[in-house]
1. State yes or no: is Val336 under 23 Å from Pro227 (Cβ atoms), among the β-branched types (Val, Ile, Thr) and in a helix (DSSP H, G or I)?
2. Taking the conditions exactly as written (open to solvent by less than 30 Å² (accessible area, probe 1.4 Å), more than 26 Å from the chain's Cα centre (by Cα) and aliphatic (A, V, I, L, M)), does Leu260 satisfy them or not?
3. If a residue must be under 30 Å from Ala329 (Cβ atoms) and open to solvent by 50 Å² or more (accessible area, probe 1.4 Å), how many such residues does the range 20-62 contain?
4. Of everything in the range 42-85 that's touching a Lys or Arg at 6+ places or on another chain (Cβ under 9 Å) and part of a loop (DSSP other than H, G, I, E, B), which residue is farthest from Leu344 (Cα to Cα)?
5. Can you name the helices (runs of 4 or more DSSP H) wholly within the range 233-292 that have at least 3 residues being modelled with pLDDT of 95 or more and not hydroxyl-bearing (Ser, Thr, Tyr)?
6. What single numbered condition from (1) touching a residue at least 40 places away in the same chain (Cβ under 8 Å); (2) surrounded by 17 or more Cβ atoms within 10 Å (Cβ to Cβ) fails to hold for Gly272?
7. State the number of residues belonging to the range 212-236 that are more than 21 Å from Gln323 (Cα to Cα) and either within 17 Å of the chain's Cα centre (by Cα) or crowded, with 22+ Cβ neighbours inside 10 Å (or both).
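The values are calculated or read from the model by the stated rules, or taken from the named source; none is laboratory data. Quantities reported herein were computed from a predicted structural model and do not represent experimental measurements. Heads up, the Cβs are rebuilt from the backbone with ideal geometry, glycines too, and the neighbour counts pull from every protein chain shown. Ligands, DNA and RNA are stripped out before the accessible areas are found, and what is left, the full protein with its side chains, is counted by its heavy atoms. Shrake-Rupley method; radii C 1.70, N 1.55, O 1.52, S 1.80 Å.
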Amino acid sequence: MDVSKYDDLLSTMPCPSMSWSAEHQNAILEPFTYIASNPGKEIRGRLIEAFNQWLNVPKDKLDVIIRVVGLLHNASLLLDDIEDDSHLRRGIPVAHKIYGIPQTINTANYVYFIAYHELASLRPSTRSHSRASSGSSDSGSSTTLCEKAELPERLIPDHDLDLVVTEELLALHRGQGLDILWRDCLRCPTEDEYIGMVKDKTGGLLRIAVKLMMACATTNTMVDYIPLTDLIGIFFQIRDDYMNLQSNQYAENKGFAEDLSEGKFSFPIVHGILEKPENRQILNVLHKRPQTPTLKHHTISYLRNTTHSFDYTLAVMHTLERQARTEVARLGGNTVLEAILDKLAVNV
């Protein structure tokens, strides 16, 4: 029995960066690669493009922001599909049904840390801050991203980018946690509670993008775009809730009325329950998590004809859309953002 290869393991052991191969990297990233290779509506990419009309983030910095947001977004979807026991995402089987729950969870967490690693390239170096604070100029040194010495004062400073992302990821998980808690405890939230949850959950990733852009902007650096960002996030989620129960395209991509199968308290469902609290049939349907169409069709008909929840949801959406357009105009107008709102508008 020869164990001599272990006699001097400390001196022969490769460092982590050398022992980690591209083959290993590709293997553990497979669930992420699978979902990322089948892109969705790309609304977030278009919104980044729209806000950049105002902020003019240099391309190298904007590319990093796009990568970071893409990593966080797809990683969150991997976990979201597990938590909701979903079967389809973007018209194909969800990642954990192919790769298993343990590998998918590990991959999603790994990708979160890859995103933070990418974020480091936006962080100003200590040397940059030293030069900025001392007033010295070093013509032979190279410039760094978001360098304080060359960029104007900003509403969101560029030296706390990790904190910006961390705060929004905390908000995202708080919102997701409430959504899951209400579902699993069969506790219908109020509309105000629902709006607060959506502001955290859906708005988190969009706020990450906009805040990082504001921190690296070259124009309009002291303008606050976060209220508009929150408004768009809430509008987008309510629209998504409406389309989940009404759109044939959503049925093809995620399954027919999937929110009912998940037992989710979406906006029309919250309204339907609160409109007639003495009638518990929607709560009972949510409790059963129906997979077949019969109960789903019945519930959708009840929401449409008895509580008029779809009419109410449309009215709220139109109100939010109008407010968003007013805010866009107040901020100086934005052709890309106006085109996005045109595309998202639901006219019945």
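1. Values: under 23 Å from Pro227 (Cβ atoms): yes; among the β-branched types (Val, Ile, Thr): yes; in a helix (DSSP H, G or I): yes.
The answer is yes for Val336.
2. Values: open to solvent by less than 30 Å² (accessible area, probe 1.4 Å): yes; more than 26 Å from the chain's Cα centre (by Cα): no; aliphatic (A, V, I, L, M): yes.
Here the answer is no, as Leu260 does not meet what is asked.
3. Of the range 20-62, the ones under 30 Å from Ala329 (Cβ atoms) are 40-59, 61-62.
In the following step, the residues that additionally are open to solvent by 50 Å² or more (accessible area, probe 1.4 Å) were identified as 41-42, 44, 46, 49, 53, 56, 59.
Residues that pass the stated criteria total 8.
4. Within the range 42-85, the match that is farthest from Leu344 (Cα to Cα) is Asp85.
5. On the way: elements: 248-254, 258-261, 267-275, 281-288.
Once the helices (runs of 4 or more DSSP H) in the range 233-292 are filtered for at least 3 residues that are modelled with pLDDT of 95 or more and not hydroxyl-bearing (Ser, Thr, Tyr), what remains is 267-275, 281-288.
6. In the conditions (1) touching a residue at least 40 places away in the same chain (Cβ under 8 Å); (2) surrounded by 17 or more Cβ atoms within 10 Å (Cβ to Cβ), Gly272 misses (1) alone.
7. 6
Results for (1) at pLDDT 95 or above; (2) under 22 Å from Arg44 (Cβ atoms), shown as yes or no for each residue.
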position: Leu295; (1), (2): no, no
position: Ser301; (1), (2): yes, no
position: Ser309; (1), (2): yes, no
position: Tyr312; (1), (2): yes, no
position: Thr319; (1), (2): yes, no
position: Val328; (1), (2): yes, yes
position: Gly333; (1), (2): yes, yes
position: Leu337; (1), (2): yes, yes
